[in-house]
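Take a look at the structure below.
The values are calculated or read from the model by the stated rules, or taken from the named source; none is laboratory data. Keep in mind it's a predicted model, so treat the numbers as computed, not measured. So basically every Cβ, Gly included, is an ideal-geometry build from the backbone, and we count neighbours across all protein chains shown.
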Amino acid sequence: MKVIILNAGVGKRLGDLTKSKPKCLVKISENETILDFQLKSILKCNLKEIIMLTGPFEDQIKNHIKVNFPELKVEYVHNSIYDKTNYIYSLFLLRDKIRDDIILMHGDLICSDEILIGLIVFKEKNCVTVNKEIPPPKKDFKALIIDERVVKIGVDVSGPKSAFLPPLYKLTDQFFRSWLDQISAFINDNKVNYYAEDALNEILNQLNLKPFYINDVSCKEIDDFEDLKYIKKLILEKNKK
């Protein structure tokens, strides 16, 4: 199993913090960046093969991992038009590279070790984290769940059968290749600024994506200063215990 981490974004909502470095190298504690937090969790799950999708400041990411995580085997895939595309295009660049079951996570996602471990050992082979315990944030992904299947994913999903979806997936090679085929169709139609989940929604009626339910309020993406402040506070409180 390989881990795919999406780090090709600009991170402009964090202002000056991402003017000279990638968002994943923004600190969430005194000695830890977002990337550190993720890679430590990955290592605790005994996973060491990573595909890192990069955009701006790729060299900083490479150097940080080389110095701090030399035990990892990392393949870097660079999106040279990161400023003109959404991450659907970054995933498109993987179309000839994936031959393994995968864990897919966004590079600004914070999740506890327990969630990642739980996802890996979860009996369902194709699943995504879902939190029904909190009100779905307006700016984040939600899942529409019908008969214990995720049938749609999007920011605009709403209603009593919707729930917050932090974008952390476990997928088989076959499932992910079906998604990549649909992503390729979008790119061929020049739909380079769509969410990758828009392509996935086109084929979810043919696939079986299960919700992996969590109740951890600290599992979320760091999109803006409010998110960063929230995560820093939770980590500080955890470290004091």
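Output the residue which, of all residues in segment 125-162 that are in contact with a Phe, Trp or Tyr (Cβ under 7 Å, 6 or more places away or on another chain) and assigned to a loop (DSSP other than H, G, I, E, B), is surrounded by the fewest Cβ atoms within 10 Å (Cβ to Cβ). Don't jump to the end; show me each part of the working.
Applying the first criterion (in contact with a Phe, Trp or Tyr (Cβ under 7 Å, 6 or more places away or on another chain)) to segment 125-162 yields 126-132, 134, 136-137, 140, 142, 153-155.
From what is left, the residues that are assigned to a loop (DSSP other than H, G, I, E, B) are 126, 132, 134, 136-137, 140, 155.
Values: Asn126: 17, Lys132: 15, Ile134: 13, Pro136: 19, Pro137: 15, Asp140: 15, Val155: 15.
Once the filter is applied, the top-ranked residue is Ile134.
Considering (1) of a type in the set (Lys, Arg); (2) assigned to a loop (DSSP other than H, G, I, E, B); (3) at pLDDT below 95, say which one Lys233 fails and leave the rest.
So the condition that Lys233 fails would be (2).
Which members of segment 32-58 meet the condition of being closer than 18 Å to Leu91 by Cβ and crowded, with 19+ Cβ neighbours inside 10 Å? Don't jump to the end; show me each part of the working.
Taking segment 32-58 first, the residues closer than 18 Å to Leu91 by Cβ are 38, 49-56, 58.
Residues satisfying the conditions are Gln38, Ile50, Ile51, Met52, Leu53, Thr54, Gly55, Pro56, Glu58.
Quick check: anything in segment 198-211 over 16 Å from the mean Cα position of the chain (by Cα), surrounded by fewer than 18 Cβ atoms within 10 Å (Cβ to Cβ), of a type in the set (D, E, K, R) and modelled with pLDDT of 95 or more?
Taking every residue of segment 198-211 in turn, at least one turns out to be over 16 Å from the mean Cα position of the chain (by Cα), surrounded by fewer than 18 Cβ atoms within 10 Å (Cβ to Cβ), of a type in the set (D, E, K, R) and modelled with pLDDT of 95 or more.
Could you look through segment 21-31, keep only residues that are at pLDDT 95 or above and among the charged types (D, E, K, R), and pick out the one that is surrounded by the fewest Cβ atoms within 10 Å (Cβ to Cβ)?
Lys27
Yes/no per residue for (1) more than 21 Å from Ile51 (Cα to Cα); (2) β-branched (Val, Ile, Thr); (3) within 15 Å of the chain's Cα centre (by Cα):
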| residue | (1), (2), (3) |
| --- | --- |
| His78 | no, no, no |
| Ile117 | no, yes, no |
| Phe122 | yes, no, no |
| Arg149 | yes, no, no |
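Do we have any residue at all in segment 109-123 that's in contact with a Lys or Arg (Cβ under 6 Å, 6 or more places away or on another chain), part of a loop (DSSP other than H, G, I, E, B) and either within 21 Å of Leu91 (Cβ to Cβ) or free of Cβ contacts under 8 Å to residues at least 60 places away in the same chain (or both)?
Residues of segment 109-123 in contact with a Lys or Arg (Cβ under 6 Å, 6 or more places away or on another chain): 113, 119.
Right, trim to part of a loop (DSSP other than H, G, I, E, B) and you get none.
There is no residue in segment 109-123 that is in contact with a Lys or Arg (Cβ under 6 Å, 6 or more places away or on another chain), part of a loop (DSSP other than H, G, I, E, B) and either within 21 Å of Leu91 (Cβ to Cβ) or free of Cβ contacts under 8 Å to residues at least 60 places away in the same chain (or both).
For segment 151-184, which residues satisfy the criterion of being acidic (Asp, Glu) and more than 18 Å from the chain's Cα centre (by Cα)? Give the steps one after another, and end with the answer.
Here is the first cut: in segment 151-184, the residues acidic (Asp, Glu) are 156, 173, 181.
Asp156, Asp181 - these are the residues of segment 151-184 that are acidic (Asp, Glu) and more than 18 Å from the chain's Cα centre (by Cα).
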